Amino acid sequence: MNANDSTTSLGCIEATCKARYAIGERIYACSRCGGLLDVQYDFKLAANTADLKVMFRNRRASDATADLSGVWRFRELLPFVNDLSKAVTLAEGNTPIYEAPQSAAYAGLDQLRFKHQGMNPTGSFKDNGMTTGITQAVALGAQAVACASTGNTSASMAAYAARAGMRAFVFIPADQIAYGKLSQSLEYGARVVEIEGNFDDAMRLVRELADETDIYLLNSINPFRLEGQKAIIIAMMEQCGWRAPDWIALPGGNLGNTSAFGKALHEMKTLGFIDRMPRLAVIQAEGAAPFYELFVSPDKSALRPVAHPSTLATAIRIGNPVSWTKALRALAWTDGVVERVTEQEIADAKAIIGRDGIGCEPASASTLAGVRRLVASGVVDSSANVIAVLTGNLLKDPSYTISYHTEKLALEEDGARDPISGRFANRPIRAGASKEEIKRTLKL
Ligand code: F0G
(Lines give C-alpha, C1' and ligand atoms only; values in the text may rest on other atoms or scores of the structure.)
Protein backbone atom coordinates (compact mmCIF):
# COMPACT_ATOMS: atom_id res chain seq x y z
CA MET A 1 0.00 0.00 0.00
CA ASN A 2 1.56 3.28 -1.02
CA ALA A 3 -1.24 5.58 0.04
CA ASN A 4 1.14 7.73 2.01
CA ASP A 5 4.48 7.32 0.37
CA SER A 6 5.92 7.37 3.89
CA THR A 7 9.43 6.38 4.79
CA THR A 8 9.09 3.79 7.49
CA SER A 9 11.65 2.45 9.93
CA LEU A 10 12.03 0.98 13.40
CA GLY A 11 13.46 3.53 15.80
CA CYS A 12 14.79 3.24 19.34
CA ILE A 13 12.72 5.45 21.64
CA GLU A 14 15.64 6.27 23.96
CA ALA A 15 16.58 9.93 23.48
CA THR A 16 20.25 9.14 24.02
CA CYS A 17 20.25 6.44 21.31
CA LYS A 18 17.60 6.87 18.59
CA ALA A 19 19.12 4.06 16.52
CA ARG A 20 17.16 3.17 13.39
CA TYR A 21 16.56 -0.18 11.77
CA ALA A 22 14.83 -1.38 8.62
CA ILE A 23 11.28 -2.65 9.20
CA GLY A 24 12.27 -5.93 7.59
CA GLU A 25 14.60 -6.68 10.51
CA ARG A 26 13.33 -9.22 13.02
CA ILE A 27 14.17 -7.36 16.23
CA TYR A 28 12.09 -6.55 19.28
CA ALA A 29 14.44 -4.19 21.13
CA CYS A 30 17.31 -1.91 20.16
CA SER A 31 20.41 -4.02 19.57
CA ARG A 32 22.58 -1.06 20.56
CA CYS A 33 21.03 -0.03 23.91
CA GLY A 34 18.19 -2.49 24.63
CA GLY A 35 15.55 0.27 24.41
CA LEU A 36 12.04 -0.28 23.05
CA LEU A 37 11.35 0.26 19.35
CA ASP A 38 8.68 2.30 17.59
CA VAL A 39 7.47 1.98 14.03
CA GLN A 40 8.40 5.47 12.83
CA TYR A 41 6.98 7.19 9.79
CA ASP A 42 7.89 10.23 7.83
CA PHE A 43 4.18 10.85 7.21
CA LYS A 44 3.43 12.26 3.79
CA LEU A 45 -0.34 12.02 3.75
CA ALA A 46 -1.96 11.56 0.36
CA ALA A 47 -4.78 13.98 1.29
CA ASN A 48 -5.55 16.61 3.89
CA THR A 49 -6.98 15.52 7.22
CA ALA A 50 -10.55 16.57 6.36
CA ASP A 51 -10.51 14.44 3.20
CA LEU A 52 -8.93 11.51 5.02
CA LYS A 53 -11.66 11.65 7.68
CA VAL A 54 -14.27 11.38 4.91
CA MET A 55 -12.33 8.54 3.32
CA PHE A 56 -12.12 6.62 6.62
CA ARG A 57 -15.86 6.97 7.07
CA ASN A 58 -16.75 6.05 3.48
CA ARG A 59 -14.82 2.80 3.82
CA ARG A 60 -17.51 1.64 6.24
CA ALA A 61 -19.82 1.37 3.27
CA SER A 62 -17.33 -0.76 1.35
CA ASP A 63 -17.22 -4.56 1.26
CA ALA A 64 -13.51 -4.76 0.44
CA THR A 65 -11.78 -6.99 2.97
CA ALA A 66 -9.40 -4.30 4.27
CA ASP A 67 -12.22 -1.77 4.55
CA LEU A 68 -14.29 -4.14 6.70
CA SER A 69 -11.54 -4.01 9.31
CA GLY A 70 -11.72 -1.24 11.89
CA VAL A 71 -7.92 -1.28 11.88
CA TRP A 72 -7.01 -1.28 8.18
CA ARG A 73 -9.78 1.24 7.47
CA PHE A 74 -7.33 3.74 8.99
CA ARG A 75 -4.35 2.44 7.00
CA GLU A 76 -2.94 5.89 6.18
CA LEU A 77 -2.12 6.23 9.89
CA LEU A 78 -0.33 2.86 10.08
CA PRO A 79 1.27 2.68 6.65
CA PHE A 80 3.86 -0.05 7.09
CA VAL A 81 2.29 -2.64 4.77
CA ASN A 82 3.20 -2.78 1.10
CA ASP A 83 0.56 -5.24 -0.03
CA LEU A 84 -2.74 -4.86 1.80
CA SER A 85 -4.18 -7.91 0.02
CA LYS A 86 -1.94 -9.98 2.34
CA ALA A 87 -3.41 -8.50 5.53
CA VAL A 88 -4.67 -11.20 7.92
CA THR A 89 -7.95 -9.89 9.26
CA LEU A 90 -11.08 -11.11 11.05
CA ALA A 91 -12.98 -7.83 10.55
CA GLU A 92 -11.75 -6.60 13.93
CA GLY A 93 -12.31 -3.20 15.51
CA ASN A 94 -15.26 -0.90 14.76
CA THR A 95 -16.42 -1.54 18.32
CA PRO A 96 -19.34 0.39 19.85
CA ILE A 97 -19.30 3.20 22.38
CA TYR A 98 -22.12 2.88 24.93
CA GLU A 99 -23.66 5.41 27.28
CA ALA A 100 -23.60 3.96 30.80
CA PRO A 101 -25.85 5.90 33.17
CA GLN A 102 -25.68 3.47 36.13
CA SER A 103 -21.90 3.42 35.92
CA ALA A 104 -21.75 7.22 35.58
CA ALA A 105 -23.82 7.67 38.74
CA TYR A 106 -21.65 5.12 40.55
CA ALA A 107 -18.48 7.00 39.54
CA GLY A 108 -19.98 10.37 40.50
CA LEU A 109 -19.98 11.59 36.91
CA ASP A 110 -22.74 13.35 34.97
CA GLN A 111 -21.98 11.11 32.03
CA LEU A 112 -19.74 8.15 31.25
CA ARG A 113 -19.24 6.15 28.10
CA PHE A 114 -17.58 2.80 27.46
CA LYS A 115 -15.76 1.80 24.31
CA HIS A 116 -16.24 -1.94 24.34
CA GLN A 117 -13.27 -3.82 23.00
CA GLY A 118 -14.87 -7.05 24.18
CA MET A 119 -16.95 -6.86 20.98
CA ASN A 120 -13.93 -7.87 18.88
CA PRO A 121 -13.80 -11.25 17.07
CA THR A 122 -11.96 -13.04 19.90
CA GLY A 123 -13.54 -10.88 22.60
CA SER A 124 -10.70 -8.54 23.53
CA PHE A 125 -8.79 -5.47 22.33
CA LYS A 126 -5.87 -7.68 21.34
CA ASP A 127 -7.40 -8.34 17.90
CA ASN A 128 -6.60 -4.77 16.85
CA GLY A 129 -2.90 -5.46 17.32
CA MET A 130 -2.93 -9.06 16.21
CA THR A 131 -4.14 -8.25 12.70
CA THR A 132 -1.11 -5.98 12.25
CA GLY A 133 1.29 -8.28 14.12
CA ILE A 134 0.39 -11.39 12.15
CA THR A 135 0.36 -9.41 8.90
CA GLN A 136 3.95 -8.35 9.63
CA ALA A 137 4.80 -11.98 10.52
CA VAL A 138 3.56 -12.99 7.05
CA ALA A 139 5.58 -10.19 5.42
CA LEU A 140 8.70 -11.44 7.20
CA GLY A 141 8.04 -15.00 6.06
CA ALA A 142 7.65 -16.31 9.63
CA GLN A 143 6.48 -19.92 9.92
CA ALA A 144 5.73 -19.85 13.65
CA VAL A 145 4.67 -17.22 16.16
CA ALA A 146 4.71 -17.17 19.95
CA CYS A 147 3.64 -15.13 22.95
CA ALA A 148 3.53 -15.15 26.71
CA SER A 149 0.06 -14.29 27.88
CA THR A 150 -2.42 -13.86 30.68
CA GLY A 151 -4.94 -15.29 28.21
CA ASN A 152 -6.24 -12.71 25.78
CA THR A 153 -3.11 -12.18 23.69
CA SER A 154 -2.83 -15.94 23.32
CA ALA A 155 -6.48 -16.36 22.31
CA SER A 156 -6.12 -13.64 19.70
CA MET A 157 -2.75 -14.80 18.40
CA ALA A 158 -3.99 -18.37 18.14
CA ALA A 159 -6.96 -17.25 16.01
CA TYR A 160 -4.99 -15.02 13.65
CA ALA A 161 -2.17 -17.57 13.32
CA ALA A 162 -4.76 -20.17 12.36
CA ARG A 163 -6.14 -17.80 9.71
CA ALA A 164 -2.62 -17.32 8.34
CA GLY A 165 -1.83 -21.04 8.44
CA MET A 166 1.05 -20.52 10.86
CA ARG A 167 2.10 -22.53 13.88
CA ALA A 168 1.38 -20.82 17.20
CA PHE A 169 3.10 -21.38 20.55
CA VAL A 170 1.40 -19.98 23.59
CA PHE A 171 3.08 -19.68 27.02
CA ILE A 172 0.69 -19.10 29.88
CA PRO A 173 1.09 -19.15 33.66
CA ALA A 174 -0.28 -22.52 34.81
CA ASP A 175 -3.68 -22.32 36.55
CA GLN A 176 -3.75 -18.52 36.38
CA ILE A 177 -5.76 -17.75 33.29
CA ALA A 178 -9.50 -17.57 32.85
CA TYR A 179 -11.20 -20.58 31.28
CA GLY A 180 -12.82 -18.72 28.40
CA LYS A 181 -9.38 -17.61 27.23
CA LEU A 182 -7.71 -21.00 27.63
CA SER A 183 -10.53 -22.68 25.72
CA GLN A 184 -10.01 -20.29 22.79
CA SER A 185 -6.28 -21.02 22.43
CA LEU A 186 -6.98 -24.75 22.46
CA GLU A 187 -9.83 -24.51 19.97
CA TYR A 188 -7.82 -22.36 17.53
CA GLY A 189 -5.14 -25.04 17.49
CA ALA A 190 -2.23 -23.33 19.23
CA ARG A 191 0.36 -25.40 21.08
CA VAL A 192 -0.31 -24.34 24.67
CA VAL A 193 2.48 -24.55 27.24
CA GLU A 194 1.46 -24.02 30.85
CA ILE A 195 4.52 -22.60 32.60
CA GLU A 196 5.01 -23.34 36.26
CA GLY A 197 5.54 -19.70 37.12
CA ASN A 198 3.82 -16.35 36.60
CA PHE A 199 3.33 -14.20 33.50
CA ASP A 200 6.64 -12.41 34.01
CA ASP A 201 8.47 -15.77 34.00
CA ALA A 202 6.66 -16.77 30.80
CA MET A 203 7.52 -13.41 29.22
CA ARG A 204 11.23 -13.75 30.03
CA LEU A 205 11.31 -17.30 28.64
CA VAL A 206 9.55 -16.50 25.39
CA ARG A 207 11.87 -13.54 24.73
CA GLU A 208 14.88 -15.82 25.17
CA LEU A 209 13.30 -18.43 22.91
CA ALA A 210 12.60 -15.83 20.22
CA ASP A 211 16.27 -14.81 20.29
CA GLU A 212 17.50 -18.38 19.96
CA THR A 213 14.98 -19.91 17.53
CA ASP A 214 13.07 -18.69 14.48
CA ILE A 215 9.72 -18.14 16.23
CA TYR A 216 8.38 -14.62 15.74
CA LEU A 217 7.44 -12.91 19.00
CA LEU A 218 3.97 -11.35 19.14
CA ASN A 219 3.84 -9.82 22.59
CA SER A 220 3.24 -6.08 22.73
CA ILE A 221 6.99 -5.49 22.86
CA ASN A 222 6.61 -6.11 19.12
CA PRO A 223 6.03 -2.58 17.77
CA PHE A 224 3.82 -3.81 14.92
CA ARG A 225 1.24 -4.99 17.48
CA LEU A 226 0.99 -1.49 18.87
CA GLU A 227 0.41 0.01 15.42
CA GLY A 228 -2.87 -1.90 15.24
CA GLN A 229 -3.87 -0.97 18.78
CA LYS A 230 -3.60 2.70 17.79
CA ALA A 231 -6.80 2.08 15.82
CA ILE A 232 -8.78 1.78 19.08
CA ILE A 233 -8.09 5.46 19.67
CA ILE A 234 -8.41 6.56 16.05
CA ALA A 235 -11.85 4.93 15.86
CA MET A 236 -12.81 6.46 19.20
CA MET A 237 -11.92 9.94 17.95
CA GLU A 238 -13.93 9.33 14.79
CA GLN A 239 -16.92 8.26 16.94
CA CYS A 240 -16.50 11.51 18.92
CA GLY A 241 -16.63 13.59 15.73
CA TRP A 242 -12.84 14.10 16.10
CA ARG A 243 -13.41 16.11 19.30
CA ALA A 244 -11.28 14.48 21.98
CA PRO A 245 -12.94 13.71 25.34
CA ASP A 246 -11.40 15.09 28.52
CA TRP A 247 -10.29 11.69 29.79
CA ILE A 248 -9.68 8.20 28.45
CA ALA A 249 -9.42 5.50 31.14
CA LEU A 250 -7.86 2.09 30.55
CA PRO A 251 -6.44 -0.79 32.59
CA GLY A 252 -2.65 -1.14 32.74
CA GLY A 253 -0.91 -4.53 32.75
CA ASN A 254 2.05 -5.04 30.45
CA LEU A 255 1.39 -1.42 29.35
CA GLY A 256 1.27 -2.09 25.61
CA ASN A 257 -2.14 -0.51 25.23
CA THR A 258 -1.15 2.59 27.20
CA SER A 259 1.86 2.90 24.88
CA ALA A 260 -0.26 2.48 21.75
CA PHE A 261 -2.85 5.02 22.93
CA GLY A 262 -0.10 7.56 23.63
CA LYS A 263 1.47 7.09 20.21
CA ALA A 264 -1.90 7.31 18.45
CA LEU A 265 -2.83 10.54 20.22
CA HIS A 266 0.59 12.07 19.68
CA GLU A 267 0.54 11.29 15.96
CA MET A 268 -3.06 12.44 15.51
CA LYS A 269 -2.37 15.71 17.28
CA THR A 270 0.84 16.29 15.31
CA LEU A 271 -0.90 15.54 11.99
CA GLY A 272 -3.89 17.74 12.86
CA PHE A 273 -6.60 15.06 13.19
CA ILE A 274 -7.44 16.34 16.68
CA ASP A 275 -6.78 19.78 18.10
CA ARG A 276 -6.46 18.92 21.76
CA MET A 277 -5.13 16.07 23.84
CA PRO A 278 -7.36 13.99 26.07
CA ARG A 279 -5.73 12.88 29.33
CA LEU A 280 -5.01 9.19 29.91
CA ALA A 281 -5.96 7.57 33.22
CA VAL A 282 -4.21 4.21 33.58
CA ILE A 283 -5.69 1.94 36.26
CA GLN A 284 -3.87 -0.92 37.96
CA ALA A 285 -4.93 -3.53 40.50
CA GLU A 286 -3.47 -2.87 43.93
CA GLY A 287 -1.60 -6.18 44.08
CA ALA A 288 0.04 -5.66 40.67
CA ALA A 289 0.71 -1.93 40.51
CA PRO A 290 4.38 -1.28 39.65
CA PHE A 291 3.44 1.49 37.21
CA TYR A 292 1.37 3.25 39.87
CA GLU A 293 4.38 3.10 42.20
CA LEU A 294 6.56 4.59 39.48
CA PHE A 295 4.01 7.35 38.84
CA VAL A 296 3.97 8.46 42.47
CA SER A 297 7.75 8.12 42.85
CA PRO A 298 9.94 11.20 42.29
CA ASP A 299 12.50 8.93 40.60
CA LYS A 300 11.18 7.82 37.19
CA SER A 301 14.48 6.33 36.01
CA ALA A 302 13.65 2.70 36.77
CA LEU A 303 10.49 0.68 37.36
CA ARG A 304 10.66 -1.58 40.40
CA PRO A 305 9.03 -4.88 39.47
CA VAL A 306 6.53 -6.51 41.82
CA ALA A 307 7.98 -9.98 42.47
CA HIS A 308 4.67 -11.70 43.30
CA PRO A 309 1.86 -9.85 41.55
CA SER A 310 -1.57 -10.79 42.82
CA THR A 311 -5.08 -9.97 41.62
CA LEU A 312 -8.20 -11.87 40.60
CA ALA A 313 -8.20 -9.69 37.49
CA THR A 314 -5.78 -12.24 36.02
CA ALA A 315 -5.44 -10.33 32.72
CA ILE A 316 -3.42 -7.66 34.55
CA ARG A 317 -1.58 -9.88 37.00
CA ILE A 318 1.79 -8.57 35.82
CA GLY A 319 4.71 -7.43 38.00
CA ASN A 320 7.30 -6.42 35.42
CA PRO A 321 5.60 -4.64 32.49
CA VAL A 322 7.85 -4.58 29.43
CA SER A 323 6.53 -1.34 27.91
CA TRP A 324 6.88 0.95 30.94
CA THR A 325 9.21 3.44 29.20
CA LYS A 326 6.72 3.89 26.35
CA ALA A 327 3.89 4.16 28.88
CA LEU A 328 5.74 6.93 30.74
CA ARG A 329 6.10 8.73 27.42
CA ALA A 330 2.34 8.35 26.88
CA LEU A 331 1.70 9.97 30.27
CA ALA A 332 4.03 12.84 29.37
CA TRP A 333 2.30 13.39 26.01
CA THR A 334 -1.18 13.35 27.52
CA ASP A 335 -0.63 14.77 31.01
CA GLY A 336 -1.81 11.37 32.14
CA VAL A 337 -2.26 9.86 35.59
CA VAL A 338 -2.11 6.40 37.15
CA GLU A 339 -4.50 5.13 39.83
CA ARG A 340 -4.75 1.81 41.66
CA VAL A 341 -7.83 0.02 42.95
CA THR A 342 -8.63 -2.81 45.36
CA GLU A 343 -10.07 -6.22 44.55
CA GLN A 344 -13.35 -5.23 46.18
CA GLU A 345 -13.57 -2.08 44.07
CA ILE A 346 -12.94 -4.02 40.85
CA ALA A 347 -15.56 -6.63 41.73
CA ASP A 348 -18.24 -4.07 42.60
CA ALA A 349 -17.49 -1.93 39.54
CA LYS A 350 -17.83 -5.00 37.33
CA ALA A 351 -21.30 -5.73 38.71
CA ILE A 352 -22.34 -2.11 38.09
CA ILE A 353 -21.16 -2.25 34.47
CA GLY A 354 -23.32 -5.35 34.18
CA ARG A 355 -26.34 -3.40 35.44
CA ASP A 356 -25.93 -1.08 32.48
CA GLY A 357 -26.46 -4.15 30.29
CA ILE A 358 -22.89 -3.98 29.09
CA GLY A 359 -20.68 -6.33 31.10
CA CYS A 360 -16.95 -6.97 30.88
CA GLU A 361 -14.15 -9.06 32.35
CA PRO A 362 -12.58 -8.11 35.71
CA ALA A 363 -9.51 -6.21 34.39
CA SER A 364 -11.78 -3.98 32.29
CA ALA A 365 -13.88 -3.07 35.32
CA SER A 366 -10.81 -1.56 37.00
CA THR A 367 -11.49 1.46 34.77
CA LEU A 368 -14.80 2.28 36.44
CA ALA A 369 -13.32 1.69 39.90
CA GLY A 370 -10.36 3.92 39.03
CA VAL A 371 -12.45 6.72 37.56
CA ARG A 372 -14.63 6.64 40.67
CA ARG A 373 -11.53 7.17 42.80
CA LEU A 374 -10.26 9.95 40.55
CA VAL A 375 -13.61 11.75 40.78
CA ALA A 376 -13.65 11.36 44.57
CA SER A 377 -10.14 12.81 44.85
CA GLY A 378 -11.00 15.73 42.55
CA VAL A 379 -8.57 14.76 39.76
CA VAL A 380 -11.48 14.15 37.36
CA ASP A 381 -14.26 16.74 37.43
CA SER A 382 -17.79 15.36 37.79
CA SER A 383 -18.80 17.18 34.60
CA ALA A 384 -15.85 15.80 32.61
CA ASN A 385 -16.35 13.94 29.34
CA VAL A 386 -14.92 10.49 30.11
CA ILE A 387 -14.58 7.40 27.94
CA ALA A 388 -13.40 4.19 29.59
CA VAL A 389 -12.10 1.33 27.49
CA LEU A 390 -13.53 -2.07 28.37
CA THR A 391 -10.77 -4.36 27.21
CA GLY A 392 -12.43 -7.77 27.37
CA ASN A 393 -15.79 -9.53 27.13
CA LEU A 394 -17.85 -10.63 30.14
CA LEU A 395 -17.77 -14.25 28.88
CA LYS A 396 -13.98 -14.49 29.12
CA ASP A 397 -14.11 -15.21 32.84
CA PRO A 398 -17.47 -16.69 33.88
CA SER A 399 -16.11 -18.30 37.07
CA TYR A 400 -15.24 -14.88 38.52
CA THR A 401 -18.71 -13.55 37.80
CA ILE A 402 -20.50 -16.55 39.25
CA SER A 403 -18.30 -16.52 42.36
CA TYR A 404 -19.13 -12.84 42.93
CA HIS A 405 -22.86 -13.28 42.56
CA THR A 406 -22.89 -16.35 44.80
CA GLU A 407 -20.65 -14.56 47.34
CA LYS A 408 -17.79 -17.02 47.05
CA LEU A 409 -15.20 -14.68 45.53
CA ALA A 410 -11.91 -14.48 47.43
CA LEU A 411 -8.28 -13.71 46.69
CA GLU A 412 -6.34 -16.75 47.83
CA GLU A 413 -2.58 -16.35 48.16
CA ASP A 414 -0.07 -18.46 50.09
CA GLY A 415 -2.78 -20.14 52.12
CA ALA A 416 -4.38 -16.80 53.10
CA ARG A 417 -7.96 -16.10 52.03
CA ASP A 418 -9.21 -12.55 51.52
CA PRO A 419 -12.96 -12.72 50.84
CA ILE A 420 -14.69 -10.17 48.62
CA SER A 421 -18.20 -9.22 49.61
CA GLY A 422 -20.94 -9.42 47.01
CA ARG A 423 -22.31 -5.93 47.56
CA PHE A 424 -24.21 -6.04 44.29
CA ALA A 425 -24.60 -9.81 44.22
CA ASN A 426 -27.51 -11.29 42.27
CA ARG A 427 -27.92 -14.79 43.63
CA PRO A 428 -29.78 -17.37 41.56
CA ILE A 429 -32.91 -18.74 43.22
CA ARG A 430 -33.54 -22.49 43.67
CA ALA A 431 -37.12 -23.63 43.27
CA GLY A 432 -38.91 -26.90 42.86
CA ALA A 433 -40.33 -27.71 39.43
CA SER A 434 -43.76 -26.45 40.41
CA LYS A 435 -45.67 -23.46 39.03
CA GLU A 436 -47.20 -22.68 42.42
CA GLU A 437 -43.85 -22.69 44.17
CA ILE A 438 -42.32 -20.44 41.50
CA LYS A 439 -45.24 -18.01 41.78
CA ARG A 440 -44.78 -17.90 45.54
CA THR A 441 -41.02 -17.52 45.40
CA LEU A 442 -41.11 -14.75 42.77
CA LYS A 443 -44.25 -13.13 44.24
CA LEU A 444 -45.91 -13.19 40.83
N1 F0G B 1 -7.34 -5.81 29.91
C2 F0G B 1 -7.34 -7.06 29.44
C3 F0G B 1 -8.64 -7.75 29.28
C4 F0G B 1 -6.12 -7.68 29.08
O5 F0G B 1 -6.13 -8.91 28.60
C6 F0G B 1 -4.91 -6.98 29.26
C7 F0G B 1 -3.63 -7.58 28.94
C8 F0G B 1 -4.98 -5.67 29.78
C9 F0G B 1 -6.21 -5.12 30.08
C10 F0G B 1 -3.76 -4.86 29.97
O11 F0G B 1 -3.25 -4.39 28.76
O12 F0G B 1 -0.97 -5.34 28.91
O13 F0G B 1 -1.54 -3.61 27.22
O14 F0G B 1 -1.39 -3.02 29.64
N15 F0G B 1 -3.49 -8.79 28.62
C16 F0G B 1 -2.23 -9.37 28.14
C17 F0G B 1 -2.46 -10.78 27.68
C18 F0G B 1 -1.07 -9.20 29.05
O19 F0G B 1 -1.52 -11.59 27.66
O20 F0G B 1 -3.57 -11.12 27.29
P21 F0G B 1 -1.69 -4.06 28.62
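Each peptide among 261-268, 282-289 gets the average number of other Cβ atoms lying within 10 Å of its residues, and from highest to lowest they stand as 282-289, 261-268. Solvent-accessible surface of protein heavy atoms, probed at 1.4 angstrom with all chains present, puts His405, His308 in the order His308, His405, largest first.
At a probe radius of 1.4 angstrom, the accessible area of the chain per residue rounds to 41 square angstrom.
Amide H contacts for Ala249 (H built 1.01 Å from N in the peptide plane; partners 5 or more residues away or on another chain; cut-off under 5 Å): Ala281, Ile387, Ala388, Val389. In the distance distribution for the chain, Cα-Cα pairs more than 33 Å apart total 32 percent. For the chain, a simple Cβ point-charge model (Lys and Arg +1, Asp and Glu -1, everything else neutral) yields a dipole of about 860 debye relative to the Cα centre. Across the options Ile172, Ser220, Val193, the greatest Cα extent toward the positive end of the charge dipole of region 133-221 (unit charges at beta carbon of Lys, Arg, Asp, Glu) belongs to Ser220.
Between amide H atoms placed 1.01 Å from N, distances below 5 Å from Leu411 occur with Asp418, Ile420, all of them 5 or more places distant or on a separate chain.
Ordering of 350-357, 198-205, 154-161, 125-132 by packing is 125-132, 154-161, 198-205, 350-357, highest average first (other Cβ atoms within 10 Å, averaged per residue). Split the accessible area of the chain by element, probe 1.4 Å, and carbon with sulfur accounts for 48%.
When the chain is described by a simple charge dipole with +1 on each Lys and Arg Cβ and -1 on each Asp and Glu Cβ, the residue from Val322, Gly108, Ala202 located farthest towards its positive end is Gly108. Net charge dipole, region 129-253: roughly 420 debye, given to the nearest 20, about the Cα centre with Cβ charges of +1 for Lys and Arg and -1 for Asp and Glu. Taking all protein chains together and a 1.4 Å probe, the residues Lys435, Lys300, Lys326, Lys53 rank Lys435, Lys300, Lys53, Lys326 from largest to smallest accessible area. For the chain, the Cys residues with no second cysteine's beta carbon closer than 4.7 Å are Cys147, Cys240, Cys360. In the chain, taking the dipole from charged Cβ atoms about the Cα centre, the farthest positive-side position among Ile283, Pro121, Pro309 is held by Pro121.
Taken about its Cα centre, region 207-365 carries a charge dipole of about 340 debye when Lys and Arg each add +1 at the Cβ and Asp and Glu each add -1 at the Cβ.
Values of log10 I(q)/I(0) for region 120-251 across q = 0.16, 0.17, 0.18 Å⁻¹ run -0.77, -0.85, -0.93, by the Debye formula with one identical scatterer at each alpha carbon and no solvent.
Backbone phi angles across region 204-219, fed through the Karplus curve with coefficients 6.51, -1.76 and 1.60 (θ = phi - 60°), yield HN-Hα couplings of 4, 5, 5, 5, 5, 5, 5, 6, 9, 10, 9, 6, 9, 7, 10, 6 Hz in residue order; Gly and Pro are listed as x. Coupling constants for region 91-101 follow from the phi torsions by the Karplus curve (6.51 cos²θ - 1.76 cosθ + 1.60, θ = phi - 60°), and in residue order they are 6, 6, x, 6, 7, x, 10, 10, 6, 9, x Hz; glycine and proline get x.
The values are calculated or read from the model by the stated rules, or taken from the named source; none is laboratory data. A quick note: this is a predicted structure, and the numbers were derived from the prediction, not measured. Counting neighbours? That spans all protein chains shown, and the Cβs are built from the backbone with ideal geometry, glycine included. Surface accessibility is based on the protein's heavy atoms, side chains included, excluding ligands, DNA and RNA. Shrake-Rupley method; radii C 1.70, N 1.55, O 1.52, S 1.80 Å.
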